[in-house]
1. Residues that are of a type in the set (F, W, Y) and in contact (Cβ under 8 Å) with a residue 12 or more places away in the chain: find the helices (runs of 4 or more DSSP H) completely inside the stretch 16-81 holding 1 or more of those.
2. Provide a single number: the residues in the stretch 19-55 that are farther than 25 Å from E75 by Cβ and open to solvent by 70 Å² or more (accessible area, probe 1.4 Å).
Amino acid sequence: MPDCTEPSKPGNSLSCMEMLQLILDGDATPEQQHAFKAHLDECMPCYKEYNLDVTLKVLIKSKCNGKGAPPELIEKIKSQISQNLPH
Ligand SMILES: [Zn+2]
């Protein structure tokens, strides 16, 4: 029996970034979403990245009425948000 399972790892074999991508794309299962939310409490990089992307999506939606935003605008907003993040 393996003794090196990491309880704080989200999902079974996914890395932080893979899990984050699933969540943001809406492809995660309810179990994965639950595991990831618990993981956010203890993983600051995931927490920051997750909040950055969620904020970005909300901003883009409100600015563009749900239509696709031009990539330049996305980059602009993204850099503005990351400048405002505490380091
Ligand atoms: Zn993480």
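The values are calculated or read from the model by the stated rules, or taken from the named source; none is laboratory data. All values reported here derive from a predicted model rather than from experimental measurement. Cβ: placed from backbone, ideal geometry, glycine included. Neighbour counts: every protein chain shown. Calculation scope for accessible area: heavy atoms of the full protein, side chains included, ligands and nucleic acids excluded. Shrake-Rupley method; radii C 1.70, N 1.55, O 1.52, S 1.80 Å.
1. Output list reads 30-40, 44-64.
2. 7
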